[in-house]
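Asker: Before I ask anything, here is the structure I am working with.
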Amino acid sequence: MNAHPSDAHEVDEHGHGFDDLGHYTLRNYLLGFAAAAVLTALAFWIVMTGAIASAGIASAVVVALAIAQILVQTAAFLHVNARAQGGWTLVAYVFTAVLLVITIAGSIWIMYHLNANMMSGAMDVAVPSQPP
């Protein structure tokens, strides 16, 4: 531990620096908030106005905006970067992202194949007519 509290670089008892997170000011938080608000409003506008005619393209754009939203919020509010805690927060973040992609892709794949395999014969069955 440093003997004088006014030293430029404070270090805890394990040798980890406290100033490796960078300097975050009110301006940084407000910029992050503004970016998050704009991304949210843009996705809302695309969905509610039908600005993009193709549903597939609109979905892809909204997903891209959601990914941008995640990146903005983790950088602006959670302070995840390569410098924080020697890069371990970034490694944990990437690991979490990989697990999410595997879980979401696997779930969509399972639901697609269940729908294709379980529901394909349902439309072939004749529905009994209602008595008059």
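The values are calculated or read from the model by the stated rules, or taken from the named source; none is laboratory data. Here the structure is a predicted model, which means the values were calculated and not measured. Here the Cβ is made from the backbone with ideal geometry for all residues, glycine too, and neighbour counts use every protein chain on show.
Asker: Any residue in region 53-77 that's within 16 Å of Ala97 (Cα to Cα): show its pairings with residues that are not in a helix (DSSP H, G or I) at Cβ separation under 8 Å, as long as the two are six or more apart or on different chains.
Answerer: Short answer, once both residue conditions are applied: Thr74/Val80; Ala75/Asn81.
Asker: Is it fair to say Ser54 is closer than 26 Å to Ala34 by Cα, in the same structural domain as Tyr29 (by TED's automatic domain parsing) and among the hydroxyl-bearing types (Ser, Thr, Tyr)?
Answerer: no
Asker: Return yes or no: is Val38 closer than 25 Å to Ala105 by Cβ and at pLDDT 90 or above?
Answerer: On the way: closer than 25 Å to Ala105 by Cβ: no; at pLDDT 90 or above: yes.
For Val38, the condition - closer than 25 Å to Ala105 by Cβ and at pLDDT 90 or above - is not met.
Asker: Looking at region 43-67, which of its residues are crowded, with 16+ Cβ neighbours inside 10 Å and either more than 13 Å from the chain's Cα centre (by Cα) or at pLDDT below 95 (or both)?
Answerer: Those that are crowded, with 16+ Cβ neighbours inside 10 Å and either more than 13 Å from the chain's Cα centre (by Cα) or at pLDDT below 95 (or both): Ala43, Ile46, Ala58, Val61.
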